[in-house]
Amino acid sequence: MIKKLKINSSVYSELKDKINNNSFPWYEGHTPTDYSPNITFFYHEVVTRDGHKNSFLYDDCKRLLDDLAKQLDISINKILRCCVNFTYNQSVNSCDFHIDHDFPHKTCIVYLNTLDHAATLICDEKYKTGQQVALPASSTKFMRHQIILPEEKTFIYFNGLHYHANEYPNNGQKRKVIVYTFT
């Protein structure tokens with residue numbers, strides 16, 4: 001089940017202002033799968049994949065996730081990863097379908113801007129032990145999936161074992177999100 005909700009948190013605007021500040025540190029990343037051409041993007045890792053706090057944004061991001069958990073009426077055991085992503089136009093339409101971890105977890109994606117394209121695509125199909133953690137972007141032709149457009153001050157919540165991908169924005173536009181994975 002995928003939930004998309006409006007964000008009810010006072011920390012959202014503060015966090016967004018910090019991220020949109022000209023002095024915010026972005027780092028260049030490369031697509032980590034074998035299927036995509038050499039795709040680059042910018043990121044700021046708040047909690048690393050091995051669970052270490054890595055950013056001055058940690059407290060604000062933790063407060064925001066706590067507020068989202070209250071809205072969802074769920075509890076957070078552990079933040080596995082938190083990353084701010086900034087994507088822009090690419091030579092392909094979307095990144096590869098992937099999962100972030102090969103074990104049970106939940107995912108929240110917080111949208112920092114609104115676009116009428118550059119959707120998040122979430123497949124009905126879930127990862128099963130032993131399957132590939134990434135599938136070619138062309139899989140959209142064969143796999144049932146839902147399309148969620150980015151809308152500022154909203155977030156989506158879903159089982160992280162569902163394959164998912166993001167479309168890239170049109171030339172001259174940007175897509176900014178905060179991605180949380182947690183148990």
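The values are calculated or read from the model by the stated rules, or taken from the named source; none is laboratory data. Fair warning: this is a prediction, and the values are worked out from it, not measured in the lab. With ideal geometry, Cβ positions are generated from the backbone for all residues, glycine too; neighbour counts draw on all protein chains shown.
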*free of Cβ contacts under 8 Å to residues at least 40 places away in the same chain, surrounded by fewer than 18 Cβ atoms within 10 Å (Cβ to Cβ) and either in a strand (DSSP E or B) or not small (Gly, Ala, Ser) (or both) - does that describe any residue in segment 83-99?*
no
_Ile76, sole failed condition from (1) in contact (Cβ under 8 Å) with a residue 40 or more places away in the chain; (2) within 24 Å of Leu121 (Cβ to Cβ)_ = (2)
*Return yes or no: is Val47 touching a residue at least 40 places away in the same chain (Cβ under 8 Å) and either among the hydrophobic types (A, V, I, L, M, F, W, C) or surrounded by fewer than 19 Cβ atoms within 10 Å (Cβ to Cβ) (or both)?*
no
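Tally the residues that are part of a strand (DSSP E or B) and either within 23 Å of Asn8 (Cβ to Cβ) or at pLDDT below 80 (or both), restricting the search to segment 147-163. Can you show your working first?
At the first step, the residues of segment 147-163 found to be part of a strand (DSSP E or B) are 147-148, 154-159, 162-163.
From the residues that got through so far, the ones that are either within 23 Å of Asn8 (Cβ to Cβ) or at pLDDT below 80 (or both) too are 148, 154-159.
So the answer is 7.
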_Scan segment 113-129 and tell me whether some residue there is crowded, with 21+ Cβ neighbours inside 10 Å and without any contact (Cβ under 8 Å) to a residue 40 or more places away in the chain._
yes
*Select from segment 79-116 the residues that are of a type in the set (D, E, K, R) and more than 27 Å from Ser9 (Cβ to Cβ) and write down the one among them that is modelled with the lowest pLDDT.*
Asp96
*Does segment 62-79 include one or more residues that are touching a helix residue (DSSP H, G or I) at 6+ places or on another chain (Cβ under 9 Å), of a type in the set (Ser, Thr, Tyr) and surrounded by fewer than 16 Cβ atoms within 10 Å (Cβ to Cβ)?*
yes
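Residue by residue through segment 20-78, note down the ones that are assigned to a loop (DSSP other than H, G, I, E, B), at pLDDT below 95 and closer than 27 Å to Phe103 by Cβ.
Across segment 20-78, the qualifying residues are Thr31, Pro32, Thr33, Asp34, Tyr35, Ser36, Ile39, Arg49, Asp50, Gly51.
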*Is there a residue in segment 28-43 that is within 15 Å of the chain's Cα centre (by Cα), under 20 Å from Phe155 (Cβ atoms), in contact (Cβ under 8 Å) with a residue 60 or more places away in the chain and surrounded by 11 or more Cβ atoms within 10 Å (Cβ to Cβ)?*
no
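Looking only at segment 117-132, which residues are in a loop (DSSP other than H, G, I, E, B) and farther than 29 Å from Leu15 by Cβ? Please lay out each step first, then the result.
First pass over segment 117-132, keeping only residues in a loop (DSSP other than H, G, I, E, B): 117-119, 127-132.
Tyr127, Lys128, Thr129, Gly130, Gln131, Gln132, listed by residue number.
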